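Quick notes on the structure that follows.
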Amino acid sequence: MPDSKKTGPKDVFGQLLAIIGLYVSIIAFGALIFGLINLYFPDVLSYDYGFYAKQSLRWPLAILVVVFPLYLWWNNYLQNDLERNPEKKELKVRKWLLYFTLFAAAIVIIGDLVSLVFRFLNGNLTIQFVLKVLAVFVIAAAVFTYYLWNIRKSIPATKDPKMRLFVQAVVAIGLFFIVFGFFTAGSPFAERMRRFDDRRISDLQAIQHEVINYWQAKETLPQNLDQLRDDIRGFTVPKDSETGESYEYRVLGSLQFELCATFKTSNKEESAKNGTRPLPLAPKRELYYPYPGPGGIEDSWFHDAGETCFTRTIDPDRFPPFK
């Protein structure tokens, strides 16, 4: 039995903290690996690729940067404490948590293999799915190996040459994917610039919609953006959220107008990665509509860095006057 003078509530909570840190790190690490697989091995039938895959990397990275180092430090502290106080290996809470972890890892491995066989028999295997199955298997196998060793052996893992090498390899791989994830997700500065550009596109969409409404109501295009202001509906023409400057608007004909903004990034490269071919900007006689749809607005807002203008031609058949 453990010596009550050397064990107490702090040991119980210490073991719980280590296991919670392990589970949180594993889940976040798995989400990070899945996001990287979605990005570099996209499935065109799924929406979790391209920009969305990059977005999915940020939460796992934030969790891992904080939790993973703390887990490593706390687990090392517990291992050293066990070396100084071997009787703590017999703590019931420690054994319960370790055996539960082994049980969970074994269930994950079995379920992982069953899923792989089912997808194979169903003729639905993809490289993305295989890589995810492999990632889950490796993570669960590493956890199972490490904690099984801790249950069977009486010395800390860091004191055994082979096990120490195994732990160092696992930590090195984990750190590699964290650093690689940061590299893939991009810098916070670039992400902020992209979000400003997204806001500019949203503003231009709102202005375009109001211009069409104005034409439908009056059968003429507004001569400037101030004419779109509507106190009753509460519409105020948006301005560039970063610079505070007004967007450019020009009338090109009785049914044609142009909207311009200055962007900090290009969204054409990202669209190409996602397998979407951008449409040429402002082709002659091309008709544009105010809401997303197949071949509609989502394909008509591609831009480079710098000033970009979007020419729009109203189709009276699709947007007849209100009168």
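The values are calculated or read from the model by the stated rules, or taken from the named source; none is laboratory data. The model shown is predicted, which means the values in this text are computed figures rather than measured ones. Virtual Cβ from ideal backbone geometry, glycine too; neighbours counted across all protein chains shown. Heads up: the accessible areas ignore ligands, DNA and RNA and are worked out on the full protein's heavy atoms, side chains in. Shrake-Rupley method; radii C 1.70, N 1.55, O 1.52, S 1.80 Å.
Kindly list the number of the only condition in (1) assigned to a loop (DSSP other than H, G, I, E, B); (2) over 28 Å from the mean Cα position of the chain (by Cα); (3) among the hydrophobic types (A, V, I, L, M, F, W, C) that fails for L125.
Failed condition: (2).
Restricting attention to the range 91-100, does a residue exist that is assigned to a helix (DSSP H, G or I), modelled with pLDDT of 85 or more, within 28 Å of the chain's Cα centre (by Cα) and closer than 17 Å to I151 by Cβ?
Among the residues of the range 91-100, not one is assigned to a helix (DSSP H, G or I), modelled with pLDDT of 85 or more, within 28 Å of the chain's Cα centre (by Cα) and closer than 17 Å to I151 by Cβ, which makes the answer no.
This table checks each residue for (1) among the acidic types (D, E); (2) open to solvent by less than 40 Å² (accessible area, probe 1.4 Å).
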residue: F196; (1), (2): no, yes
residue: T220; (1), (2): no, no
residue: D231; (1), (2): yes, no
residue: V237; (1), (2): no, yes
residue: V251; (1), (2): no, no
residue: Q256; (1), (2): no, no
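Give the number of residues within the range 149-166 that are touching a residue at least 40 places away in the same chain (Cβ under 8 Å) and within 18 Å of E87 (Cα to Cα).
The total comes to 7.
Count, please, the residues in the range 136-168 that happen to be open to solvent by 60 Å² or more (accessible area, probe 1.4 Å) and of a type in the set (G, A, S).
Here the count works out to 1.
Answer with yes or no whether V211 is of a type outside the set (D, E, K, R) and within 30 Å of R233 (Cβ to Cβ).
Considered against the rule, which asks whether it is of a type outside the set (D, E, K, R) and within 30 Å of R233 (Cβ to Cβ), V211 comes out as yes.
Looking at A261, is it modelled with pLDDT of 90 or more and over 30 Å from L39 (Cβ atoms)?
no
Pull up the range 41-77, narrow it to residues that are assigned to a loop (DSSP other than H, G, I, E, B) and surrounded by 14 or more Cβ atoms within 10 Å (Cβ to Cβ), then point me to the one that is modelled with the highest pLDDT.
By that ranking, first place goes to F41.
Would a scan of the range 257-274 turn up a residue that is over 26 Å from Q55 (Cβ atoms), of a type in the set (S, T, N, Q) and touching a strand residue (DSSP E or B) at 6+ places or on another chain (Cβ under 9 Å)?
Among the residues of the range 257-274, not one is over 26 Å from Q55 (Cβ atoms), of a type in the set (S, T, N, Q) and touching a strand residue (DSSP E or B) at 6+ places or on another chain (Cβ under 9 Å), which makes the answer no.
Determine whether the range 114-135 contains at least one residue that is under 30 Å from L82 (Cβ atoms), open to solvent by less than 40 Å² (accessible area, probe 1.4 Å) and of a type in the set (G, A, S).
Checked against the condition, which is being under 30 Å from L82 (Cβ atoms), open to solvent by less than 40 Å² (accessible area, probe 1.4 Å) and of a type in the set (G, A, S), the range 114-135 yields no hits at all.
What about F103, is it modelled with pLDDT of 85 or more and surrounded by 14 or more Cβ atoms within 10 Å (Cβ to Cβ)?
In short, no.
Identify the residue in the range 170-188 that is under 30 Å from Y147 (Cβ atoms) and aliphatic (A, V, I, L, M) and, among all such residues, is surrounded by the most Cβ atoms within 10 Å (Cβ to Cβ).
I178
Tell me the residue from E210, E191 that is part of a helix (DSSP H, G or I), acidic (D, E) and either touching a Leu at 6+ places or on another chain (Cβ under 8 Å) or open to solvent by 60 Å² or more (accessible area, probe 1.4 Å) (or both), please.
Checking each option against the conditions leaves just E210.
Is there a residue being of a type outside the set (D, E), out of contact with any Gly (no Cβ under 9 Å at 6 or more places or on another chain), at pLDDT 90 or above and surrounded by fewer than 16 Cβ atoms within 10 Å (Cβ to Cβ) anywhere in the range 269-292?
no
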